[in-house]
Structure formats: C-alpha cells, structure tokens
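The values are calculated or read from the model by the stated rules, or taken from the named source; none is laboratory data. Being a predicted model, the structure only gives us computed values, none of them experimental. All Cβ positions, glycine included, derive from the backbone under ideal geometry; neighbour counts span all protein chains shown.
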C-alpha cells in the first residue's frame, strides 16, 4: 500500500506552522513559500486552525484536468507531479476543492504533497501522522 | 549574507502616500538585523528632541537573518520615540508578524509622516496599498477590527494584522498594538504613535522563500535546536502552564507585588496561579509562527446573559504572568472571572495591561489615602479587587472625560506628578513596574535597562538565582551581570529570537546559525557587537535628554521587604551609577 500524510486531529493544532517550514526546508529553502502543506486560522486563532494538505484521494480531479499530463495519478491514491511538463495554468489548483494544490509563486508551479512524511516529524503536538492509505482515514 | 531580501528596507510616507525600497546591506551586514538595525534606523530617521506625536516620529519594524529559518525566531522588534517615557521606545511581539515581514521580502519597514484621515496599510510583497480606514476608526473593539480586515484582505496563513484600539486613537501613552488578536507590541505606547499618524492597522503578507548559504549544516543545526526546544524542561513549562507558572513560586518567595506593593505576598495567589487557571479556564493554546512551544494560553470564559435563561457567551482571554500580576495581585483581586473580564476590556480597548494595572493600583491607593476623591474619579470608588469599577475606570482612561483621567492616560508617573503620591507611584524611567519584587538587581535593571523593562537585563532572574545560592548581591556583582546580560540580549534581539529561547541560543549555537545565513562572526565579535548596539541605544537616549541622575526611586520599594531583605536607596543608586560608568568602558 501507499502512504500518505493524515491530519489526525486539527483540534490539537496550535498554529505553529512548523510543518510548513519543514516542507520548505526539505527543498533547502527557508520561509513558507515552497510549502505543500498550509495552516491557517479557522476564522480567528481562538477558533483553532485548518490544516490543508493533499489527502491522496483515489480518483484525483487535479490529474484529470491537467492539460499537459504533468499530474499523474499514483497507484492506490494521490498524484505524482512532473514539473517539467507543467505550464502553470492553475487548473489543478482551481479544481481541488480542499485547496491542497498550493502554489509556488516564485516558479509559478503547483506544490502538492509528495507523501514523504518529513513534516510529521516536526509536528510537536500530534496533529499529523504519516500512515498507510486506508488506515483510519 | 546569503539572502537577498533581508537587506531590503521598505520606507512608507503616510503624508505623501508614497513608498519605496532601499538596499541597506550596510546596516544588515554590520548590525545583523532586529534591534541592531532598528536602532540605527531610529537614529537616522527620528529628528532630535521631537514630540513623540510629531508626524516625523518614525515607526520601525525589523526582523533578522534567523526569522523564518530557525525555531523560536518568531519575533519582530518595533522601535520609535515613546510617548510614555518621552524617550527610546522598543517593543517586541510575535504572532505571525516576523514571518510575514520577512516573507514579504523585507528586513525592516520604516513608517514616516502622518495621514490626515484614518487609513490602514496593506503590504502584499512589493505592493503597498493605502486603504481608507474611516469605517474602522472608533470601532469599540480591536477584536472586531481584526475580524473585518481578515475578511476583506487576502493572505490567510501567511499574513500579520497589527491593529490599534480606541486607546491608541485617543493617544493613551501606554496604548499597545495588537497582532494576531492575542499578542502585543506592548509597554511604551506604540499604539498611540499609530494613533497620532491616523494609522489604524498594518497588514503584511508574502510568500518569498529565503536562501540558505549552507543547506546541509542548516538541516543538522535545525534539528539540534528543534530537539532542544521541544525537549527542554523550560519550554515544557511555558507550554504546559505558560508564564503564569511563575505566580506561585514568586509568591512563595515573597516577591509578588500585591496591592500596589504594600505587600509582596498575595493571600489569593492560588486563585490567579497558572495551575488554577489551566484547570478552570484554559480553553486553547496557540503558538507564534515558527515556534513549537505554544506558550500562548487562552482562557475560555463562559458567562450567562442575565436577560435570558440558558443563553451563554464564551469570550477568549489571553493571560500571561505579567497581566495576572498587574491586574491581579497588584489590584488585590481574588475574583478570577472579574480579572479576566478586566483583561478582556483592556484588550478590547488596546491598552498595555501592565501599565494599566499599575496605574490603577496607584489610583486605588491614592483614593485610599484621600489624595484623590470621587470628584476626580467621576463617582467611581476604586477599591482593591473591585473589578466592575476597574472596568469602568479603564473605559474612562480611554475616553478621558476630565483632567484626572487625562492625567491617568499618561501613566502613574505623570498622574502622581499632578496629584501627589509619587512615593507609591511604581514607575521606573517613567514606565510602570513589572511583577518582580525580587531584590536589588531587578530594580537596578528597571532603572538602567534601555527601555526600563524587566526584559532588558532580567535582574529579577539574577536576584532569584542569588537568593537560592544564598549569595549577597553587591553593586559590583549586579552591574557586572546586568551589563553582560543586556549586551547579549541585543544579539538575541538582532537575530531575532524569542528571549524564552535564550538558554538554547547560546553563543556557540548563534555563531553556527549565522554561518548558515552567510555571516562569519566569532563569539568575541558578537559580544563586542552586543555592547555596541546597547551603546547605540543609549546614544539615542542621551540625545533625547535622558539623565541617570534624574532617575526616581519610588520609596515604596524600600519599605516592603524583598527576599534579599529591605533595599536601600544608597545601594541602588551606587549600582545605577556604576552601570553608567561601565557602559562608557569598552
């Protein structure tokens, strides 16, 4: 089976954005701009946070709308992105209703989780878990 | 320097509604960032001896090379001329402010001039919009202001929204700027400087990445710091109970200022302790961006409406050690619900909680002694622990309906200079005291610290360590410690890291982190630079008329015994003089 990143309990999220920084750091960058995971308040921090990341859906719409086949469905769920084929049309970002196709404004290309699990190592409060697809999702 | 954005300084002229970017590599190379750079910008931009409400008073925000890059590098430094003390203004805040400024592509922002009409600034990377804020001016609550801007502006998750309340609009000299709803640029009246410029809010957002000079070392070092942050007992303490974990130990020590420091032990300390608040009220913990600790504690205050059964509202109130001291023990209050409602009122109006509490404590004692009467307070009978009356008083401080409240809106120092009672007006260098009656080092620190804050040189911590070690504190020892600590803190505030992480960011670690960002500095060079930055701050202070001989020592601190016994004026004065001699040396 394939693995994916699961958001197991958003109520535990404190909004530290360490996951976002970890994702960017994996690419050797500081800051939040290269992150494929996004954390924002649920309408004011007192209401808690929303954690947005690709849930590795089995029949991904982002792959269906890509005019250049830059996004290919991965076996058992999720996608693989071929950035060299991407023309930056943003159709994938528009069609993903959970907003998990994030955008790298500096390269004008999508940022979609690659299911590496790196960020979960930096979630100190038990919000994220790297797990098999199908495991209590 | 490895990152091309840090050296960009965004200049904004509110009068001309113009903005431009200047490359200030000169400053960021020499002074790193944060307070080091902001001090130089303040010296450059603030004309000599101006009134703090003069349009020419600059507002400067600065971040540093570690911002967005290492854990707990989550703070922004603000500098300005303070309307509260009439001298150096410096305030630090977290939230998402630092990450947003750096991600927008700037190392610093300088705001000059004043707008004729209310505006708010919306900074989205290289675009600055001067948005009309007529609708927001005078809105009763800072919470509402934040909510409105949140709805109309883009950038959720990668933005900061700094705003002022009516206290800032009405130029209360200890008005704060609130960011991400529960964090503050507090103390020295940045909110009033915003108000004087008709600047209601600033939003900053961006998604620029930061280039790292040594990526391999970066990842290794990051893990080292991250592990230290999530595993250290100190960080655990700040996560579990937050800063209010200090209430009980300080009370036990006899160092918790109570009822305007008539006492240093509070009979109801248990009620306002971190433990009790966590059990009874804690509803959520939140973090600044880039900090795993999550020290921000929000109380969920559930209250019934009196006009309808089973109709409740839940208010979220952030609490920390200092506000709990200032409006808790200092005002002699045992009713925690009342205390939280007062804190909520203070945040609604956008006041500094510490100055508000200490000013009200002075007013309460002044009333007790008959120095002021109901004529001055407009019928309010200020009594220890009477939170309903204190809430009314806070509204009056903001609205300033008569001469007395106009005076109180300038703080305890000013009010006592008009009405008397200076001997129990607990201000140092014009700034209301923090919650530490720990011994001589704390007070020498409040007097000599460049911004008259406990955070300048942490004398309170030195007092406690010395007390535990049963060590006698001589002026010599105190000054040695304070100068060293305050100098080093200039480096931490230039990186910029949170002072809570000071035990993680030891000199060796700082040298390595800077190396990954393209700075080659040795520990000796950093120590030298820290002292140099401190001296530059004092250069500004002396330029603006600061005189160590005019520092006032309130008699009250000599009357109430500290853990180190009763303090003497002579002992404190000797240390203060010694500090300024030491500052001149290299």
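Only a single item in (1) buried (at least 17 other Cβ atoms within 10 Å of the Cβ); (2) part of a helix (DSSP H, G or I) is not met by residue B:511, and it is number (1). Checked against (1) over 21 Å from residue B:123 (Cα atoms); (2) assigned to a helix (DSSP H, G or I); (3) touching a helix residue (DSSP H, G or I) at 6+ places or on another chain (Cβ under 7 Å), residue B:191 meets all criteria but (1). You will find that of B:216, B:237, B:207, the residue that is within 12 Å of chain A (Cβ to nearest Cβ), surrounded by fewer than 19 Cβ atoms within 10 Å (Cβ to Cβ) and over 30 Å from residue B:410 (Cα atoms) is B:216 and no other. Of the residues making up the range A:9-53, those that are farther than 22 Å from residue B:149 by Cα, more than 7 Å from every other protein chain (Cβ to nearest Cβ) and either at pLDDT below 95 or part of a helix (DSSP H, G or I) (or both) are A:10, A:11, A:12, A:19, A:20, A:22, A:23, A:26, A:27.
Rundown of residues vs (1) over 18 Å from residue B:44 (Cβ atoms); (2) over 26 Å from the mean Cα position of the chain (by Cα), yes/no style:
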| residue | (1), (2) |
| --- | --- |
| B:508 | yes, yes |
| B:520 | yes, yes |
| B:528 | yes, no |
| B:536 | no, no |
| B:542 | no, no |
| B:550 | yes, no |
| B:553 | yes, no |
| B:556 | yes, no |
| B:559 | yes, yes |
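Just one of the numbered conditions (1) at pLDDT 95 or above; (2) closer than 21 Å to residue B:106 by Cα; (3) surrounded by 21 or more Cβ atoms within 10 Å (Cβ to Cβ); (4) over 25 Å from the mean Cα position of the chain (by Cα) is not true of residue B:153: (3). Return yes or no: is residue B:85 within 20 Å of residue B:453 (Cβ to Cβ), at pLDDT 95 or above, assigned by TED's automatic domain parsing to the domain that holds residue B:193 and in contact with a helix residue (DSSP H, G or I) (Cβ under 9 Å, 6 or more places away or on another chain)? In short, yes.
Within the range B:313-323, is there a residue that is crowded, with 22+ Cβ neighbours inside 10 Å, farther than 26 Å from residue B:165 by Cα and away from every other protein chain (no Cβ under 14 Å)? There is no residue in the range B:313-323 that is crowded, with 22+ Cβ neighbours inside 10 Å, farther than 26 Å from residue B:165 by Cα and away from every other protein chain (no Cβ under 14 Å). On inspection, residue A:113 passes the criterion of being in a loop (DSSP other than H, G, I, E, B), within 14 Å of the chain's Cα centre (by Cα) and under 26 Å from residue B:289 (Cβ atoms). Any residue at all in the range B:320-330 that's over 21 Å from the mean Cα position of the chain (by Cα) and touching a residue at least 40 places away in the same chain (Cβ under 8 Å)? There is no residue in the range B:320-330 that is over 21 Å from the mean Cα position of the chain (by Cα) and touching a residue at least 40 places away in the same chain (Cβ under 8 Å). Take the residues of the range B:295-312 that are within 14 Å of chain A (Cβ to nearest Cβ) and surrounded by fewer than 18 Cβ atoms within 10 Å (Cβ to Cβ): which is farthest from residue B:436 (Cα to Cα)? Per the stated criteria, the residue is B:302. For the range B:554-570, a residue qualifies if it is surrounded by fewer than 17 Cβ atoms within 10 Å (Cβ to Cβ) and either in contact with a helix residue (DSSP H, G or I) (Cβ under 8 Å, 6 or more places away or on another chain) or modelled with pLDDT under 95 (or both), and the qualifying residues are B:555, B:566, B:568, B:569.
Please verify whether the range B:94-110 includes one or more residues that are within 14 Å of chain A (Cβ to nearest Cβ) and surrounded by fewer than 17 Cβ atoms within 10 Å (Cβ to Cβ). So far as the range B:94-110 goes, no, none of its residues is within 14 Å of chain A (Cβ to nearest Cβ) and surrounded by fewer than 17 Cβ atoms within 10 Å (Cβ to Cβ).
In this structure, is residue B:427 within 17 Å of residue B:175 (Cα to Cα) and not assigned by TED's automatic domain parsing to the domain that holds residue B:248? Considered against the rule, which asks whether it is within 17 Å of residue B:175 (Cα to Cα) and not assigned by TED's automatic domain parsing to the domain that holds residue B:248, residue B:427 comes out as yes.
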